[in-house]
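Structure, as structure tokens:
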């Protein structure tokens, strides 16, 4: 699970290692990545909303 | 030798870009408000950041293209991953942008602070003119393009302020905080004056807020920025900023004139007087859609000349002008024109271009029977 | 989705064979009916590309009408009503008729070849989704001769200008956009089904060429946002014809709601038009640098996350519409966040060039110009992301310059790079190199003459979508118009190169480019009508 989150974070950042990528694709299922990706996007949105609210203060 | 050449070339490029950036009419104006200055400096910072990144990136690219030409016998190496490098070149732009976000946030906050205004002006977009109302002062007028059709058609020489001149500018006091309340009677317009760094959409049914405090008296010109139909290019904004004392005098004079006009509602007007007044109103308000000769441009804008249905039913004619026709481009003029203007323009439409009904619609009729509620 | 087991060939190839059988037992129909009924991915790909080229020229003529009118201040050639129809039709035709179908055409041709599939997974659906397009755009073009004229409210068709105040032809415009949308969705479904099910045995997701990857992600984006577009134009339809008030403030509706819905579609749409371009360039640059793509894994991961994040930045198109402060800040921050991983992909291409062995054939020229000029479009994009500054940039020629840099030397140059790259595979001949070079240099000069001065005009205060302008913008517009005509005329050269290449030219071998490594280069040039009827023996490259 932690691996998936790390991979998704790397994707959001836009950089990934070849070795990690190979491990990810050995897993054989994409659904966990997509679900985690969408969840992380929601988390990101909430974080940015918080920052914006704070900044607007 | 080569190094010196490179430096010289770089120096020229820098001088050229700086020259461009400060040249009049090539770059964003610095403007005459604190906000416009802040925006201009944000713009210049991000511009120079882009230039620096561009020099580095394109430099590396053209170096590679030149140095590793196959025609010069370059052999391809085989590396294809370097996570550290990738992380670094992602983090640096990210930090730069975070650095940009801080001043941008501060500027945005001051732009949104519309409190403690000295004066409120309602700005209403209409196809295709602006209407300004000094709230609480009983002063309101519309501001129309003053450039002649002949200039636009190329039949007369174009003036210096071609398309950026109006019959009546928005007069504002320099040094005072003016709150602008923007809305629209028909489609979305956008009120924009580059020197004031104010661009705000005027949305029908909603009121947007912005504000301006002009540091220097002067005349500042802009345009509608949101496509609003046929004459989108022909609804300029002109702001005349004057010393506060002069502004107060101007406002008092306009108030006086408005009071005089209000007196006119109760008296009986002759057909000729109504026709004369109506022709002016028609020319500034109605002619852009229904055409100066009343021929309209069907199907969107019906003809008025020889429109029998209209001439047979006077009340329907009045209702159309006062309340508009929902679902069409015909707006309601009950709040934008005064009773004298409404009565005059209806009288004009019922008697011009061979319509000749002989009807004189009195301002008192409009005021008592149509605008009473 | 990503099965590590190779797909079971027996089942899938049976299906593909059935599709072929329906079209007449592998013997193509003769005459014009052949093109009407074809279910072959190569023929449908060709149809898409030819259609797109026609639309490119029609949309281009509309742009030249606009540029001719703007050549000088004053109204000379057309009246504002018609000018607005031209800007609107230019945008609609180029976005929905030229760029998107061109990418679908390239996908039709190349995705099956690059993954070693015999055809698209759903051949008859493929035929249907193409033939919707000529119908849709015939209807759209027919609005030009309808009473009241064609749509005149800009390609973004903001309500209420596009509803209460719109010409009667708007209902036809809505219908044609519905058809084009259905076509896109069906095309996307087909591409996803093909990529997920028909890869050659042994080819895993991560072995796919980047063009296939970017198209897979684009296809998901299409399926996600096209229904939003369909929804918003249906709401317009109801407002216009059935008395609802979704966008009519007088009836309790909200004109700004339209913009939120439109840009919720529109921003991912921007990525729909650029991600396949990234894919093409990421295939071409390694070929002509004779070196593997730098950071392949990063590219794929970033593309996927960009697709998700593209749904949370839409309101940066609406900074001056009167958003609350918090919303303004939110969309400024998210836009900056998504801009960085998008932008730094440029570094990957440049690092791919570094210490390569570079040659400059026509596809490479266009790909390199893409990298430089798209980056310039990216820079102005960064500037536009700064919300306070956007109060000055918004709805000016600065924005016009920005999105034309991203779309013309961006998407269009990538399409041309792809065409030059794969023409030998399609026709069996190399494109005429000298003519292609002329086409390239004239296009590069034309594009920059056209779009670079627009930055200055916009910063100096020229709003977009105006048929006439104040005198201080005259010089910029003069240069832009001259550049526009140069660019337009040089595209005739493109037509000449393509037609000559179809008719003959230097013979190309199966592997037409020395550094090319993907599966399409293992089949003969020109590719026969049916390829990979038996699955190829795929040896994964050590990415």
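The values are calculated or read from the model by the stated rules, or taken from the named source; none is laboratory data. As the structure is a computational prediction, the values presented were derived from the model and not from experiment. Here Cβ is always computed from backbone atoms with ideal geometry, including for glycine, and neighbour counts include all displayed protein chains.
Hey, any hits in the range C:502-513 for a residue that's under 26 Å from the mean Cα position of the chain (by Cα), more than 14 Å from every other protein chain (Cβ to nearest Cβ), under 27 Å from residue C:46 (Cα atoms) and in contact (Cβ under 8 Å) with a residue 24 or more places away in the chain? Break it down stepwise before answering.
If we filter the range C:502-513 for residues that are under 26 Å from the mean Cα position of the chain (by Cα), which is where we start, we get C:502, C:512-513.
Subset that is more than 14 Å from every other protein chain (Cβ to nearest Cβ): C:502, C:512.
If we keep only those that are under 27 Å from residue C:46 (Cα atoms) too, we end up with C:502, C:512.
When the remaining residues are screened for being in contact (Cβ under 8 Å) with a residue 24 or more places away in the chain, the result is C:502, C:512.
Yes, there is a match, as at least one residue in the range C:502-513 is under 26 Å from the mean Cα position of the chain (by Cα), more than 14 Å from every other protein chain (Cβ to nearest Cβ), under 27 Å from residue C:46 (Cα atoms) and in contact (Cβ under 8 Å) with a residue 24 or more places away in the chain.
Within chain A, considering only helices (runs of 4 or more DSSP H) that don't extend past its boundaries, which have at least 2 residues that are more than 7 Å from every other protein chain (Cβ to nearest Cβ), surrounded by 16 or more Cβ atoms within 10 Å (Cβ to Cβ) and without any contact (Cβ under 8 Å) to a residue 24 or more places away in the chain? Steps first, please.
Numbers: elements: A:2-13, A:18-27, A:31-56.
Qualifying helices (runs of 4 or more DSSP H): A:18-27.
Evaluate the following for residue C:257: is it touching a helix residue (DSSP H, G or I) at 6+ places or on another chain (Cβ under 9 Å) and more than 23 Å from residue C:520 (Cβ to Cβ)?
Details: touching a helix residue (DSSP H, G or I) at 6+ places or on another chain (Cβ under 9 Å): yes; more than 23 Å from residue C:520 (Cβ to Cβ): yes.
So residue C:257 fits the description; yes.
Residue B:175: facing another protein chain (nearest Cβ under 10 Å) and in contact with a helix residue (DSSP H, G or I) (Cβ under 8 Å, 6 or more places away or on another chain), yes or no? Show your work before the answer.
Values: facing another protein chain (nearest Cβ under 10 Å): no; in contact with a helix residue (DSSP H, G or I) (Cβ under 8 Å, 6 or more places away or on another chain): yes.
No, not satisfied.
Residue under question is residue C:532, and the condition is that it be within 25 Å of residue C:402 (Cβ to Cβ) and either more than 14 Å from chain B (Cβ to nearest Cβ) or buried (at least 22 other Cβ atoms within 10 Å of the Cβ) (or both); does it hold?
Working: within 25 Å of residue C:402 (Cβ to Cβ): no; either more than 14 Å from chain B (Cβ to nearest Cβ) or buried (at least 22 other Cβ atoms within 10 Å of the Cβ) (or both): yes.
No, not satisfied.
Filtering the range C:296-326 down to residues that are without any contact (Cβ under 8 Å) to a residue 24 or more places away in the chain and more than 8 Å from chain A (Cβ to nearest Cβ), which residue is surrounded by the fewest Cβ atoms within 10 Å (Cβ to Cβ)?
Result: C:324.
Go through C:413, C:366, C:403 for me and flag whichever is surrounded by fewer than 24 Cβ atoms within 10 Å (Cβ to Cβ) and either away from every other protein chain (no Cβ under 12 Å) or on the phi > 0 side of the Ramachandran plot (or both). Don't jump to the end; show me each part of the working.
Working: C:413 fails: surrounded by fewer than 24 Cβ atoms within 10 Å (Cβ to Cβ); C:366 fails: surrounded by fewer than 24 Cβ atoms within 10 Å (Cβ to Cβ).
Sole residue among the options that is surrounded by fewer than 24 Cβ atoms within 10 Å (Cβ to Cβ) and either away from every other protein chain (no Cβ under 12 Å) or on the phi > 0 side of the Ramachandran plot (or both): C:403.
Restricting to the range B:48-61, and then to whatever is more than 16 Å from residue C:288 (Cβ to Cβ) and within 7 Å of chain C (Cβ to nearest Cβ), can you tell me which residue is surrounded by the most Cβ atoms within 10 Å (Cβ to Cβ)? Give the derivation first.
Let us first name the residues in the range B:48-61 that are more than 16 Å from residue C:288 (Cβ to Cβ), namely B:48-60.
From the residues that got through so far, the ones that are within 7 Å of chain C (Cβ to nearest Cβ) too are B:50, B:54, B:57-58, B:60.
Details: B:50: 18, B:54: 15, B:57: 20, B:58: 16, B:60: 15.
Per the criteria, the residue is B:57.
Test residue B:241 against the criterion of being over 25 Å from the mean Cα position of the chain (by Cα) and either over 22 Å from residue B:129 (Cα atoms) or not assigned by TED's automatic domain parsing to the domain that holds residue B:362 (or both), and give yes or no. Before you say what the answer is, go through the steps one by one.
Details: over 25 Å from the mean Cα position of the chain (by Cα): no; either over 22 Å from residue B:129 (Cα atoms) or not assigned by TED's automatic domain parsing to the domain that holds residue B:362 (or both): yes.
Here the answer is no, as residue B:241 does not meet what is asked.
Condition first: crowded, with 24+ Cβ neighbours inside 10 Å, facing another protein chain (nearest Cβ under 7 Å), farther than 15 Å from residue B:50 by Cβ and free of Cβ contacts under 8 Å to residues at least 60 places away in the same chain. Can you find one or more residues in the range C:369-391 that meet it?
yes
Yes or no: the range C:14-25 includes at least one residue that is within 14 Å of chain A (Cβ to nearest Cβ), at pLDDT below 50, outside any helix (DSSP H, G or I) and more than 26 Å from the chain's Cα centre (by Cα). So that I can check it myself, show each step before the final result.
At the first step, the residues of the range C:14-25 found to be within 14 Å of chain A (Cβ to nearest Cβ) are none.
The answer is no, given that none of the residues of the range C:14-25 is within 14 Å of chain A (Cβ to nearest Cβ), at pLDDT below 50, outside any helix (DSSP H, G or I) and more than 26 Å from the chain's Cα centre (by Cα).
Need a quick list: helices (runs of 4 or more DSSP H) entirely within the range C:54-145 having at least 3 residues that are closer than 24 Å to residue C:412 by Cα, in contact with a helix residue (DSSP H, G or I) (Cβ under 7 Å, 6 or more places away or on another chain) and within 14 Å of another protein chain (Cβ to nearest Cβ). Before the answer, list the steps.
On the way: elements: C:80-92, C:100-115, C:123-142.
Here the list reads C:80-92.
Of the conditions (1) free of Cβ contacts under 8 Å to residues at least 60 places away in the same chain; (2) more than 30 Å from residue C:201 (Cα to Cα); (3) surrounded by fewer than 21 Cβ atoms within 10 Å (Cβ to Cβ); (4) more than 12 Å from chain B (Cβ to nearest Cβ), residue C:483 satisfies every one except a single condition; which number is it?
(3)
Given the structure, is residue B:204 without any contact (Cβ under 8 Å) to a residue 60 or more places away in the chain and not assigned by TED's automatic domain parsing to the domain that holds residue B:38?
Details: without any contact (Cβ under 8 Å) to a residue 60 or more places away in the chain: yes; not assigned by TED's automatic domain parsing to the domain that holds residue B:38: yes.
So residue B:204 passes the test.
Got a sec? Which of B:108, B:163 is without any contact (Cβ under 8 Å) to a residue 60 or more places away in the chain, more than 30 Å from residue B:245 (Cβ to Cβ) and either within 14 Å of chain C (Cβ to nearest Cβ) or surrounded by 15 or more Cβ atoms within 10 Å (Cβ to Cβ) (or both)? It would help to see each step written out before you state the result.
Details: B:163 fails: without any contact (Cβ under 8 Å) to a residue 60 or more places away in the chain.
Of B:108, B:163, the one residue that is without any contact (Cβ under 8 Å) to a residue 60 or more places away in the chain, more than 30 Å from residue B:245 (Cβ to Cβ) and either within 14 Å of chain C (Cβ to nearest Cβ) or surrounded by 15 or more Cβ atoms within 10 Å (Cβ to Cβ) (or both) is B:108.
Of everything in the range C:490-516, what is touching a helix residue (DSSP H, G or I) at 6+ places or on another chain (Cβ under 6 Å) and assigned to a helix (DSSP H, G or I)? Give them in sequence order.
C:490, C:493, C:494, C:497, C:501, C:502
What about residue B:196, is it without any contact (Cβ under 8 Å) to a residue 40 or more places away in the chain, closer than 28 Å to residue B:160 by Cα and either surrounded by fewer than 21 Cβ atoms within 10 Å (Cβ to Cβ) or within 12 Å of chain C (Cβ to nearest Cβ) (or both)? Lay out the reasoning, then the answer.
Values: without any contact (Cβ under 8 Å) to a residue 40 or more places away in the chain: no; closer than 28 Å to residue B:160 by Cα: yes; either surrounded by fewer than 21 Cβ atoms within 10 Å (Cβ to Cβ) or within 12 Å of chain C (Cβ to nearest Cβ) (or both): yes.
Answer is no for this residue.
Hey, any hits in the range B:4-21 for a residue that's more than 8 Å from chain C (Cβ to nearest Cβ), in contact with a helix residue (DSSP H, G or I) (Cβ under 9 Å, 6 or more places away or on another chain), modelled with pLDDT of 80 or more and surrounded by 12 or more Cβ atoms within 10 Å (Cβ to Cβ)?
no
For the range B:326-343: of the residues being modelled with pLDDT of 80 or more and within 14 Å of chain C (Cβ to nearest Cβ), which is farthest from the chain's Cα centre (by Cα)?
From the range B:326-343, those modelled with pLDDT of 80 or more are B:330-334, B:337-343; that's our starting set.
Cutting the leftovers down to within 14 Å of chain C (Cβ to nearest Cβ) gives us B:330-332, B:334.
On the way: B:330: 21, B:331: 19, B:332: 21, B:334: 23 Å.
This residue is B:334.
Pick out the one residue from C:239, C:207 that is more than 24 Å from the chain's Cα centre (by Cα) and more than 28 Å from residue C:84 (Cβ to Cβ). Spell out the reasoning first.
On the way: C:239 fails: more than 28 Å from residue C:84 (Cβ to Cβ).
Exactly one of C:239, C:207 is more than 24 Å from the chain's Cα centre (by Cα) and more than 28 Å from residue C:84 (Cβ to Cβ), namely C:207.
May I ask you to list the residues in the range B:62-95 that are assigned to a loop (DSSP other than H, G, I, E, B), in contact with a strand residue (DSSP E or B) (Cβ under 9 Å, 6 or more places away or on another chain) and either more than 7 Å from chain C (Cβ to nearest Cβ) or farther than 16 Å from residue C:349 by Cβ (or both)?
Start the filter on the range B:62-95 by keeping residues that are assigned to a loop (DSSP other than H, G, I, E, B), which leaves B:68, B:73-82.
Still in the list and also in contact with a strand residue (DSSP E or B) (Cβ under 9 Å, 6 or more places away or on another chain): B:68, B:74, B:76.
Matches in the range B:62-95: B:74 only.
Would you mind telling me which numbered condition in (1) more than 10 Å from chain C (Cβ to nearest Cβ); (2) over 17 Å from residue B:37 (Cα atoms) residue B:229 fails?
(1)
Each row is one residue, and each column tells you yes or no for (1) closer than 20 Å to residue B:272 by Cβ; (2) in a helix (DSSP H, G or I); (3) out of contact with any strand residue (DSSP E or B) (no Cβ under 8 Å at 6 or more places or on another chain).
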{"position": "B:310", "(1), (2), (3)": "no, yes, yes"}
{"position": "B:329", "(1), (2), (3)": "no, no, no"}
{"position": "B:348", "(1), (2), (3)": "yes, yes, yes"}
{"position": "B:356", "(1), (2), (3)": "yes, no, yes"}
{"position": "B:365", "(1), (2), (3)": "yes, yes, yes"}
{"position": "B:368", "(1), (2), (3)": "no, yes, yes"}
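Quick one: how many residues across the range B:280-295 are modelled with pLDDT of 85 or more and surrounded by 17 or more Cβ atoms within 10 Å (Cβ to Cβ)?
Residues flagged as modelled with pLDDT of 85 or more and surrounded by 17 or more Cβ atoms within 10 Å (Cβ to Cβ) within the range B:280-295 amount to 5.
Listed here are the residues, each with its yes/no results for (1) over 22 Å from residue C:281 (Cβ atoms); (2) modelled with pLDDT under 95; (3) crowded, with 20+ Cβ neighbours inside 10 Å.
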position	(1), (2), (3)
C:167	yes, yes, yes
C:175	yes, no, no
C:182	yes, no, no
C:193	yes, no, no
C:197	yes, yes, no
C:208	no, yes, yes
C:223	yes, no, no
C:227	yes, no, no
